[in-house]
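**Q** Quick one: structure below, then a few questions.
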Amino acid sequence: MEKRYCTLESNSPVAPGVYRMTLSSDQDLRHRCGQFVEVAVPEKFLRRPLSVSLSQADRLTLLYKVVGGGTAALAALQPGAGLDLLTGLGNGFDIEACRNAALLIGGGIGAAPLHQLCRDLRAAGRQVTVLLGFNTASEILLRDELEALGATVHVATADGSKGIHGLVTDALQQVRPTFDYAYVCGPMPMMRALYPLLSETSEFSLEERMGCGTGLCFGCTIQTTEGPRRICHEGPVFKKNLLPW
Amino acid sequence: MVNDTSVTLAGIRLQNPVIPASGTFGFGFEMAGCFDLNRLGAISLKGTTLEPRFGNPTPRIAECSGGLLNAVGLQNPGIDALVSDIAPRVRALCKTPLIANISGFSLDEYGICCEKADQCEALDFVEVNISCPNVHQGGMVFGTDPKAAAAVTRRARKATSKPLFIKLSPNVTDIVPIARACEEEGADGLTLINTLLGMRIDIRRRRPVLANRTGGFSGPALLPIALRFVNQVAKACRIPLIGCGGVASAEDVIEMMMAGATAVQVGSASLHDPLACPAIIDQLPKVMEQLGIEHLKDIIGIV
């Protein structure tokens, strides 16, 4: 955990209700893929946990969905604004776990952290297939960015307006990708539906309403096969065998 | 100017009065890599019960103006894990006095936990929580009635010779008889206040935000309420007080001490800024300088 003061470089919608925010700093902003930040929000007591979509030494890209007053306040911020962040939170994805070919599955805003995951896996020489699920075509995120990294990307939409008609579970059964390790991030019903379809060589990035984001308050605990674990501190990424679903 | 921040709490010297409050600082490990825990006056560890507890279902957190509600429900690994594993490991990381925060669901549970804490060399204080609003038996039941508070204190007093603090609830019509009952039964001090019982409703889903329906309200909005309670109890009791509730700055620490606190716990501020305690400790000498305070202990209860 580090405190970082950043400057807002850009903050604009990329899909209905979804914003891409880029931040710069003269301090190191590198994150492991799958880690998150806690952003202080004007007029709010608690920070907002946002997953890191992409990080570089001096730049951070966050994709976030406006779901309430806090994220709405973030969406209203203009370039040039200063932001107070806690960075480097959570454990992140285990890219070492994949030996040859990775499958990345994202649903909705859960696609956000897959960007850096894909970048880092590709940099490590791994094959990457991505399945992305959205409600409708206008909500599609990151497809072009992931393809530009050399990943094979399949999109599913629940209303059939683009790509495979259905959910990521349908996409998984239609595409039948070859992979030795899978990474999943998305809404809980999606992850629970994928859980029985994936082998033990997979991991899931979870989300819960958080207090601190730093392991202090025990607000975001889940039960695992090894006892209670804080999503913010021991997670947010959990290996499949830890999840008692 | 001297700017002496040290205080003596039930015979134990603290280099400064700033203590992370139980439930807002984990077991101390979490921040060990972020700042030197030796800088803290003391650490009040996560509330511990006889048996391990998962706590309440999520959501456990709801934001409010000026703070938050929590309904964590005493998630903890149990007293045996605290005394045999956790406390010795925290002790190995720092020399800071450690406060075991004990909760229970019966007098015996409080008693057994205090006995076990008493036998643990790594622990310096025992703080008995009779004010948790987020469990459905025990907890706050013991803190809202002078006779029950007296019974817990008596049992805890028998169980430990370590400095014993009782953590009081603000969810009462009159705190003074409860505070006095604890003092009469041999408590070395009192910690006050725990959270105020509260509730939030998700108006779109038409249901409580918290899975537990209600939770404990904490945060900066509590400061004036905590000051009033501390001042009221300071006038009625002779034992030292640890003031807790809404403290977020060095000025707040001084205000709490003027109200009657010997030491001060910082709670929710750490949830917004995990470095809140060291930041407050850094600021204390500067604020003392501005206010012409040479020895912080001189201002305890001056109002």
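**Q** For segment A:206-245, count the residues as N, evaluate 2.2 N^0.38 Å, and divide the Cα radius of gyration by that value, please.
**A** With N residues counted in segment A:206-245, Rg over 2.2 N^0.38 Å equals 1.05.
**Q** Less than 16 Å apart at the alpha-carbon level, and either on another chain or at least 8 residues along: which lysines does that give for B:Lys162?
**A** Those lysines meeting the cut-off are B:Lys116.
**Q** Modelled label-to-label distance, B:Arg204 and B:Asp298, 7 Å Cα→beta-carbon offset: nm?
**A** Taking the simple label geometry, B:Arg204 and B:Asp298 are separated by 5.7 nm.
**Q** Right, here's the next one. 7 Å from Cα along Cα→Cβ at both B:Ala148 and B:Ser65: what's the point-to-point distance in nm?
**A** Here the answer is 3.2 nm between the modelled labels.
**Q** Give me the distance in nm between label points sitting 7 Å out from Cα along the Cα-to-Cβ direction at B:Leu107 and A:Glu200, one decimal.
**A** A separation of 5.1 nm, rounded to one decimal place.
**Q** Output the Cα-based Rg and Dmax of chain A in Å, rounding Rg to one decimal and Dmax to a whole number.
**A** Both quantities, over Cα of chain A: 17.1, 48 Å.
**Q** Jot down the per residue volume, in cubic angstrom and as a whole number, of the convex hull over the alpha-carbon atoms of segment B:1-144.
**A** Spelled out: Cα convex hull of segment B:1-144, divided by residues, is 150 Å³.
**Q** Another question about this same structure. Average the reciprocal distances over every distinct pair of alpha-carbons in chain B, invert the result, and give the Kirkwood radius in Å.
**A** Kirkwood hydrodynamic radius for chain B: 18.9 Å.
**Q** Near B:Lys158, which aspartates and glutamates are there with a Cα under 17 Å away, not counting those fewer than 8 places off in the same chain?
**A** B:Asp108, B:Glu109, B:Glu115, B:Asp118, B:Asp124, B:Glu127, B:Glu183, B:Glu184, B:Glu185, B:Asp188
**Q** If you bin the C-alpha pair distances of segment B:256-303 every 10 Å from 0, what whole percents do you get?
**A** Taking all Cα pairs of segment B:256-303, the binned fractions are 25, 49, 26, 1 percent.
**Q** Right, another one. At 10 °C and a viscosity of 1.306 mPa s, what translational diffusion coefficient does Stokes-Einstein give for segment A:95-190, taking Rh as the Kirkwood radius over Cα pairs? Give it in µm²/s as a whole number.
**A** Calculated translational D: 122 µm²/s.
**Q** Still on this structure: Report the per residue volume, in Å³, of the convex hull enclosing the C-alpha atoms of segment A:2-89.
**A** Cα-based convex hull of segment A:2-89, divided per residue, equals 83 Å³.
**Q** For segment A:77-116, restrict the atom set to alpha-carbon positions and state the Rg and Dmax in Å.
**A** In order Rg, Dmax, the Cα atoms of segment A:77-116 give 15.0, 42 Å.
**Q** A further question follows. For each pair in A:Lys240/B:Lys95; A:Lys3/A:Lys65; B:Lys95/B:Lys286, compute the distance between the two Cα atoms and list the pairs where it is over 32 Å.
**A** Distance filter (> 32 Å) returns A:Lys240/B:Lys95.
**Q** Then there's this: Per-residue Cβ counts within 10 Å, from other chains only, averaged over A:35-45: what number is that?
**A** The per-residue average across the peptide is 2.
**Q** Can you put A:Ser12, B:Ser6, B:Ser65 in order of accessible area, largest first, using a 1.4 Å probe?
**A** Descending order: B:Ser65, A:Ser12, B:Ser6.
**Q** Dipole magnitude of segment A:206-245 about its Cα centre, charges +1 at Lys/Arg Cβ and -1 at Asp/Glu Cβ only, in debye to the nearest 20?
**A** The calculation lands at about 60 debye.
**Q** Over all alpha-carbon pairs in segment B:94-154, figure out the percentage whose distance exceeds 17 Å.
**A** Distances greater than 17 Å cover 39 percent of the Cα pairs.
**Q** Using 1/(1 + (r/R0)^6) with R0 = 25 angstrom and r between the beta carbons of B:Asn3 and A:Asp28, what's the FRET efficiency to the nearest 0.05?
**A** It comes out at approximately 0.15.
**Q** What accessible surface, in Å², does a 1.4 Å probe find on A:Ile222, ignoring ligands, DNA and RNA and rounding to the nearest 10?
**A** 30
**Q** Once fully extended, how much extra length lies between A:Lys3 and A:Ala72, figured as 0.36 nm per residue of separation less the alpha-carbon to alpha-carbon distance?
**A** Extra length from A:Lys3 to A:Ala72 when fully extended: 22.6 nm.
**Q** Computed over the Cα atoms, what is the radius of gyration of the protein assembly as shown divided by 2.2 N^0.38 Å, N being its residue count?
**A** 1.03
**Q** Accessible area, 1.4 Å probe, largest first: how do B:Asp124, B:Asp80 sort?
**A** Final ranking, largest accessible area leading: B:Asp80, B:Asp124.
**Q** Dipole of the protein assembly as shown, Cα-centred, from +1 at each Lys and Arg C-beta and -1 at each Asp and Glu C-beta, to the nearest 20 debye?
**A** Roughly 960 debye, rounded to the nearest 20.
**Q** Can you give the mean number of other chain Cβ atoms that lie within 10 Å of the Cβ atoms in peptide A:226-236?
**A** 2
**Q** Return the Rg/Rh value of segment B:182-303, two decimal places, where both radii are evaluated on C-alpha atoms and Rh is the Kirkwood radius.
**A** When Rh is taken as the Kirkwood radius, the ratio is 1.06.
**Q** Which of the aspartates and glutamates could be linked to A:Lys44 by a straight reach, that is with a Cα gap under 19 Å, when you skip same-chain ones fewer than 8 residues away?
**A** A:Lys44 reaches A:Asp84, A:Glu208, B:Glu63, B:Asp202, B:Asp273.
**Q** For segment B:11-69, divide the Cα radius of gyration by the Kirkwood radius and give the resulting Rg/Rh value with two decimals.
**A** Rg divided by Rh gives 1.04.
**Q** Based solely on C-alpha atoms, express the radius of gyration and the Dmax of segment B:188-229 in angstrom.
**A** That works out to 13.8, 48 Å for Rg and Dmax.
**Q** Ok, one more. Using only helices, what value at 222 nm comes out for chain A when you add -39,500 (n - 2.57) per DSSP H run of length 4 or more and divide by the total residues, to the nearest 500 deg cm²/dmol?
**A** Helix contribution divided over all residues of chain A: -4000 deg cm²/dmol.
**Q** Sticking with this one: Taking the Cα centre of the protein assembly as shown as the origin and placing charges on Cβ (Lys, Arg +1; Asp, Glu -1), which of B:Ala250, B:Pro97, A:Pro42 is farthest toward the positive end of the dipole?
**A** Farthest towards the positive end: A:Pro42.
The values are calculated or read from the model by the stated rules, or taken from the named source; none is laboratory data. Keep in mind the model is a prediction, meaning the values are calculated, not measured. Because the Cβ atoms are built from the backbone with ideal geometry, glycine has one as well, and the counts that use them run over all protein chains shown. Each accessible area value is taken on the protein alone, full model and side chains, heavy atoms only, with ligands, DNA and RNA left out. Shrake-Rupley method; radii C 1.70, N 1.55, O 1.52, S 1.80 Å.
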